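Here's the structure we're looking at; comments come further down.
The values are calculated or read from the model by the stated rules, or taken from the named source; none is laboratory data. Because the structure is predicted, anything quoted here is derived from the model rather than measured. When we count neighbours, we look across all protein chains shown, and the Cβ atoms used for this are built from the backbone with ideal geometry, even at glycine. Surface areas here come from the heavy atoms of the whole protein model, side chains and all, with no ligands, DNA or RNA. Shrake-Rupley method; radii C 1.70, N 1.55, O 1.52, S 1.80 Å.
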Amino acid sequence: MADTLTVRTAGIATVQDLGRVGRSRHGLPAGGALDQHSARVANVLCGNDETAPLLELTALDFACTPSSDVLIAVTGAPARLTVDGTARPQWEPVSVRAGETVRVTGIRLGLRVYLAVLGSFEADYLQGSCAPDTVLGFGPVLRPGDALTLRTACPPLDHPYSRIPLFRLHAPVPPFPAERIIDVTDGPDRAEFGDSAARLFGTPFTVSPQSNHIGLRLRTEAPLPRRVTSGEVLSRGVPVGAVEVPAGDELLVLHRGRGVTAGYPVLAVVTATGLSALGQARPGETLRFRHRTLAQAVTAHRAQRLAIDALRTRVRTAFGTLRIPVPADG
Amino acid sequence: MNGNLTVTDCGDSALVARAVGLDTERAWRLVHALADALDAVRLHGVHGLVPTYDALLVEFDCADTDHDTVRRVLWHEAARIGADPEPAAPPRRFVVPVVYGGAYGPDLPEVAAGLGLTQDEVVALHTGSDLTVRCLGAPAGAPMMDGPPFPAPVPRLASPRTRVDPGSVAVAGRQAVICPMPSPGGWPLLGRTPVRVLDLHGDPLTPYRPGDTFRFVPLAPERWDDHAGTPLAACRG
């Protein structure tokens with residue numbers, strides 16, 4: 001029988017990957033992990049391909065048990081990670097013995113935690129991705145007792161008694177501050193907002209509970225930016241990260257599940273690194289926007305990617321030394 | 001250079017190319033030809049193309065390419081295409097049976113009243129000509145069509161529905177659409193087709209593409225089952 005990872009406490013857990021990239025022309029949203037950076041790092045720490053299926057745990061406690069020895073990595077929002085009651089580090093590979101219980105509890109300062117397993121597990125695919133999409137009606141929320149089929153096992157690595165962490169790979173951990181700062185660049189329609197565009201900055205916004213993977217709704221006590229022009233905008237493609245101002249009293253920030261077309265002017269666009277940070281925003285928290293130039297935004301994104309590339313090299317070296325079998329597609 | 005195009009930054013991972021100074025038909029043809037051209041070039045780092053009416057969104061990973069490179073390719077391809085591109089592929093025609101009114105199209109009476117027409121006249125206009133698919137839209141793969149020649153634009157519903165059944169045939173403004181899957185929607189519903197508009201596991205996702213045409217034909221409610229679940233397919237010839 002194939003080895004499995006059995007869910008004990010499900011919380012809100014889904015099988016996730018980086019999304020259905022390349023299909024926006026067919027009207028398909030990208031979807032995928034809302035904190036792409038943390039998801040990439042989790043897989044890289046396991047020697048996996050960045051696009052391998054992993055678990056996205058949202059807000060609530062989670063527990064699972066593998067039927068064979070495995071190597072896992074847990075990234076994303078700060079949380080308490082234990083293996084059979086022993087605290088283990090996030091953002092490092094962690095060895096788990098067959099039958100031990102992995103628990104992720106007390107997710108804080110963010111919303112989403114990513115759990116990857118060396119070799120990953122079997123998943124259903126739709127249009128090139130296993131990412132759930134509520135609009136497409138694809139991708140179940142996991143329930144207690146669900147068993148994911150592991151693609152490979154990993155021999156136990158750390159000392160059976162002392163449990164001294166074996167790895168110190170220095171993964172690039174983004175900040176998880178009490179008040180999140182979300183970087184944006186000017187949107188293509190910024191001019192339509194005149195001087196009121198500046199209202200996006202300097203005032204805190206509160207994340208509405210009506211926020212999800214399609215978009216976040218943000219409220220503020222201060223006046224919102226308003227268009228100084230009028231007239232209908234023809235439906236056109238809008239990027240992930242588009243900051244829109246519909247007629248009501250909320251800002252709308254589109255995230256990876258957004259429909260590919262919309263008819264509102266785009267005031268600003270959240271940067272690539274800002275989108276990962278925004279993917280951690282909790283309903284009820286306040287955040288602020290920070291203006292970046294395109295050059296600053298691109299530089300930040302490239303630095304984050306280079307850090308992941310460097311981490312991948314360190315993982316390869318460490319795994320090679322320890323004779324850990326690197327997954328074939330990794 | 002192509003004097004009929006503007007290219008604007010759209011955040012750190014996208015550009016928007018917009019056709020300017022062209023009539024709607026030529027603007028639409030230009031942005032779709034441009035999308036086809038970029039698709040054929042397979043530029044490293046570019047992963048998304050969303051051509052709509054007069055605009056093309058180009059999405060890319062700015063770690064793998066940059067705005068200047070994508071912009072240069074856009075201008076190069078636009079110059080090659082010129083101002084009056086031919087359609088990339090001959091249009092195909094899809095015939096779609098629709099049960100109008102009643103529970104299938106609950107907004108037919110209101111739309112008719114708003115247009116000052118009878119319900120039969122609305123159906124006659126909706127079924128009276130081939131409607132051209134202009135782009136694929138939300139929620140996924142929805143064929144966004146030029147609307148039928150109604151005497152006036154059709155207003156959206158004051159209160160959008162939380163769930164629209166798949167196959168629902170709707171109109172709003174000067175546009176028409178078939179809702180391919182259950183989703184919320186604010187467009188008035190005229191009817192519903194029993195055919196399966198798209199296959200989520202299909203590759204490509206939709207059997208139709210922009211430029212193809214749809215012809216709606218009235219279907220008696222008792223013949224719903226004859227077509228239920230049949231995949232939508234283009235007519236021969």
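Go through region B:101-151 and give me each residue that's more than 14 Å from every other protein chain (Cβ to nearest Cβ) and within 23 Å of A:Val135 (Cβ to Cβ).
Of the residues in region B:101-151, the ones more than 14 Å from every other protein chain (Cβ to nearest Cβ) are B:101-132, B:148-151.
Within region B:101-151, B:Tyr104, B:Gly105, B:Pro106, B:Asp107 qualify.
Kindly provide the set of residues from region B:201-227 that are farther than 14 Å from B:Leu131 by Cβ, part of a loop (DSSP other than H, G, I, E, B) and in contact (Cβ under 8 Å) with a residue 40 or more places away in the chain, ordered by number. Spell out the reasoning first.
Our first condition is that a residue be farther than 14 Å from B:Leu131 by Cβ; within region B:201-227, this holds for B:201-207, B:209, B:218-227.
Next cut, part of a loop (DSSP other than H, G, I, E, B) only: B:201-207, B:209, B:219-220.
Result: B:Leu205, B:Thr206, B:Pro207, B:Arg209, B:Leu219, B:Ala220.
Please give the number of the condition B:Pro109 fails out of (1) touching a helix residue (DSSP H, G or I) at 6+ places or on another chain (Cβ under 7 Å); (2) on the phi < 0 side of the Ramachandran plot; (3) open to solvent by less than 40 Å² (accessible area, probe 1.4 Å).
(3)
Pick out, from region A:1-85, the strands (runs of 3 or more DSSP E) lying fully within it that include 3 or more residues that are touching a Gly at 6+ places or on another chain (Cβ under 9 Å) and either modelled with pLDDT of 95 or more or surrounded by fewer than 23 Cβ atoms within 10 Å (Cβ to Cβ) (or both). Quick ask: steps written out before the conclusion?
Working: elements: A:4-9, A:13-16, A:54-58, A:62-66, A:70-76, A:80-83.
Correct list: A:4-9, A:13-16, A:54-58, A:62-66.
Being modelled with pLDDT of 95 or more, closer than 27 Å to A:Val21 by Cβ and either out of contact with any strand residue (DSSP E or B) (no Cβ under 8 Å at 6 or more places or on another chain) or hydrophobic (A, V, I, L, M, F, W, C) (or both) narrows it down to one residue among A:Val233, A:Val240; which is it?
Working: A:Val233 fails: modelled with pLDDT of 95 or more.
When all the criteria are applied, what remains is A:Val240.
Select from region A:158-193 the residues that are within 28 Å of the chain's Cα centre (by Cα), of a type in the set (A, V, I, L, M, F, W, C) and over 30 Å from B:Val16 (Cα atoms) and write down the one among them that is modelled with the lowest pLDDT.
Once the filter is applied, the top-ranked residue is A:Leu166.
In region A:247-258, which residues are in contact (Cβ under 8 Å) with a residue 12 or more places away in the chain and open to solvent by 20 Å² or more (accessible area, probe 1.4 Å)? Reasoning before the result, please.
Narrowing region A:247-258 to residues in contact (Cβ under 8 Å) with a residue 12 or more places away in the chain: A:249-258.
Within region A:247-258, A:Asp249, A:Glu250, A:Leu252, A:Arg256 meet the criteria.
Looking only at region A:267-291, how many residues end up being more than 16 Å from A:Val207 (Cα to Cα), within 11 Å of chain B (Cβ to nearest Cβ) and either under 16 Å from the mean Cα position of the chain (by Cα) or surrounded by fewer than 21 Cβ atoms within 10 Å (Cβ to Cβ) (or both)?
Total satisfying the criteria: 3.
If you check A:Leu218 against the conditions, is it open to solvent by less than 10 Å² (accessible area, probe 1.4 Å) and more than 12 Å from A:Asp189 (Cβ to Cβ)?
Details: open to solvent by less than 10 Å² (accessible area, probe 1.4 Å): yes; more than 12 Å from A:Asp189 (Cβ to Cβ): yes.
Yes: the conditions hold for A:Leu218.
Being on the phi < 0 side of the Ramachandran plot, among the β-branched types (Val, Ile, Thr) and part of a strand (DSSP E or B) narrows it down to one residue among B:Val31, B:Val50; which is it? Give the derivation first.
On the way: B:Val31 fails: part of a strand (DSSP E or B).
When all the criteria are applied, what remains is B:Val50.
Scan B:Leu190, B:Leu200 and give me the residue that is open to solvent by 10 Å² or more (accessible area, probe 1.4 Å) and either hydrophobic (A, V, I, L, M, F, W, C) or touching a strand residue (DSSP E or B) at 6+ places or on another chain (Cβ under 6 Å) (or both). Before the answer, list the steps.
On the way: B:Leu190 fails: open to solvent by 10 Å² or more (accessible area, probe 1.4 Å).
The match here is B:Leu200.
What are the residues in region B:61-106 that are among the charged types (D, E, K, R) and part of a loop (DSSP other than H, G, I, E, B), if any? Don't jump to the end; show me each part of the working.
Start the filter on region B:61-106 by keeping residues that are among the charged types (D, E, K, R), which leaves B:61, B:64, B:66, B:68, B:71-72, B:77, B:80, B:84, B:86, B:92-93.
Within region B:61-106, B:Asp61, B:Asp64, B:Asp66, B:Asp84, B:Glu86, B:Arg92 meet the criteria.
Hey, among A:Thr58, A:Thr9, which residue is assigned by TED's automatic domain parsing to the domain that holds A:Val117 and touching a Pro at 6+ places or on another chain (Cβ under 9 Å)? So that I can check it myself, show each step before the final result.
On the way: A:Thr58 fails: touching a Pro at 6+ places or on another chain (Cβ under 9 Å).
When all the criteria are applied, what remains is A:Thr9.
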